[in-house]
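Inspection log for the structure reproduced underneath, given as structure tokens.
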Amino acid sequence: MKHVKLSSPWLGAEEIEAATRVLNSQVVNMGIETKLFEGELNNFFGREDAKTSCVNSCTAALHLGLQCSGIGTGDEVLVPTYSFVATFQAIAATGATPIPCDVRFDNAFIDLDDAKTRLTSKTKAIMPVLFAGCDQQIFDIYQFALENNLRVIEDAAHCFGDEHIAERNGVLCFSFDAIKNITCTDGGAILSSDEEVTNRVKDVRLLGVIGDTAARFEGKRTWNPNVVEQGWRYHMSNLCAAIGRAQLAKFPKIREKRQKYSNIYLSELCDIPEIQLLPINAKTAVPHIFPIIIKNGKRNELKAFLLENGIETGIQYKPNHLLTYFNKGYDLPNSVKLYESILSIPLNPMLTEDDVLYVVSMIKKFFNN
Ligand SMILES: *Cc1c(COP(=O)(O)O)cnc(C)c1O
């Protein structure tokens, strides 16, 4: 029987060569590879005004993005409850309180009407999550933030490669974990045009040691350290950066596959009345996941049917306000409804077109029954 995986990195000779190069050099910690990766990411993002800083996860990027924007204890951060738990944990890690907001049912994007009702004098930032790369409303968020004097720290974990990234001036946080659009095994990056943020990140990611980034990039160590704020051990190693560099070089091929498979899903599934598609633009975005909404209450049956036919699926995400640690009795109905009706179908660069067409055929078979 066929086995179609939900998610997978695409690793091969290039990544093995990169990792071997670093292992043979004996310099596996943060250094020249990390420096080169940051430079290549700067070129990739194509923004003269903004700089990239690499860290060891997107969770770390979000945490530092907030801390280095001045968010901390006593502050409140508006955030869609409909996200991966990392988003909430990163906010909580700063000492600030994540304020869960509902999302729109049609695109899983934070519902600004709901967010508005949760503004208080303590609200200092908003953290939009670009679920499945849906970014249609991101500029409304920037406008809302401007009007209410909020910082924008984007959870852009699903957005690597999106064409519209160039137009945004908040703090953008990316994930290079095992299954994201590119992987470093684990890793993340912060892109910002705010020099104060990027300068601070460079120290805070290295336990707060002032100037340690520059020292490590020259292969040196800081023997007379000074620290002026709480820091974390969040920097990216040479080993991870080298794998990331190989992935970045391969990204045009990764993008082609992700966009092609997403476009097949979009065109093949749009006529099934029981399915609602998210407004994913697979020409400008590079989808990381492909969630579909099952409108007839048969999501769990479809999930089981696909599994019986060798197709893995996922449920992204359980709303954070339903998790014990963050549960404060909020009523966020669209997010709960999405959680009950959404299903992520296989999307990864190791799939073949045949795999994708097989998934489509099985979904069609299920609904014709
Ligand atoms: C993957 C992901 C993260 C966390 O990324 P890590 O690199 O694993 O820390 C955060 N938010 C969203 C929406 C994600 O999908």
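The values are calculated or read from the model by the stated rules, or taken from the named source; none is laboratory data. What you are looking at is a predicted structure, and each value in this text was computed from that prediction instead of being measured. For neighbour counting, all protein chains shown are included, and Cβ atoms are generated from backbone atoms with ideal geometry for every residue, glycine included. Areas reflect the complete protein model, heavy atoms only, side chains present, ligands, DNA and RNA absent. Shrake-Rupley method; radii C 1.70, N 1.55, O 1.52, S 1.80 Å.
At-a-glance table
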| item | result |
| --- | --- |
| Pairwise FRET efficiency - VAL85 versus THR222, Cβ, R0 = 30 Å, nearest 0.05 | 0.30 |
| 0 to 90° range, to nearest 10: angle between helix 138-147 axis and the chain longest Cα axis | 50 degrees |
| Simple label model, 7 Å out from Cα along Cβ direction - GLU229 to GLU195, nm | 1.7 nm |
| Mean separation of Cα contacts under 8 Å (6+ apart) over length of the stretch 164-303, as relative contact order % | 19 percent |
| Peptides ranked, highest mean first, by Cβ atoms within 10 Å: ranges 145-153, 222-230 | 145-153, 222-230 |
| At 1.306 mPa s and 10 °C, Stokes D of the stretch 1-146 from Kirkwood alpha-carbon radius, µm² per second | 88 µm²/s |
| Rounded to whole Å, sorted largest first: equivalent-ellipsoid semi-axes of the chain, Cα gyration tensor | 34, 27, 16 |
| Relative contact order [Cα under 8 Å, 6+ residues apart], the chain, whole percent | 25 percent |
| Over the stretch 196-263, relative contact order from alpha-carbon pairs under 8 Å, at least 6 apart, % | 28 percent |
| Simple label model, 7 Å out from Cα along Cβ direction - CYS270 to GLU308, nm | 3.1 nm |
| Solitary cysteines of the chain, where the nearest other Cys Cβ is not under 4.7 Å | CYS54, CYS58, CYS68, CYS101, CYS134, CYS159, CYS173, CYS270 |
| Over the chain: helical MRE at 222 nm, DSSP H runs n ≥ 4 each giving -39500 (n - 2.57), nearest 500 | -12000 deg cm²/dmol |
| GNM top mover of ASP49, ASP114, ASP355 - the chain, alpha-carbon springs below 10 Å | ASP49 |
| 15 Å reach of a label modelled at LYS337, 7 Å along Cα-to-Cβ, counting backbone N of the stretch 288-319 | 293-298 |
| For the chain, accessible area per residue (1.4 Å probe, heavy atoms of protein chains only), Å² | 42 Å² |
| Where the Cα pairs of the stretch 124-200 fall when distances are cut into 10 Å bins, in % | 18, 51, 27, 3 |
| Relative frequency of Cα-Cα separations exceeding 20 Å in the stretch 68-227, percent | 53 percent |
| 18 Å Cα-Cα threshold exceeded, pairs from LYS303/LYS364; LYS122/LYS318; LYS180/LYS250 | LYS122/LYS318 |
| Span from the the stretch 85-131 Cα centroid across to the the stretch 290-322 one, whole angstrom | 24 Å |
| Simple label model, 7 Å out from Cα along Cβ direction - GLU147 to ASP49, nm | 2.2 nm |
| Whole-number D in µm² s⁻¹ for the stretch 173-308, Kirkwood Cα-pair radius fed into Stokes-Einstein, 37 °C, 0.692 mPa s | 178 µm²/s |
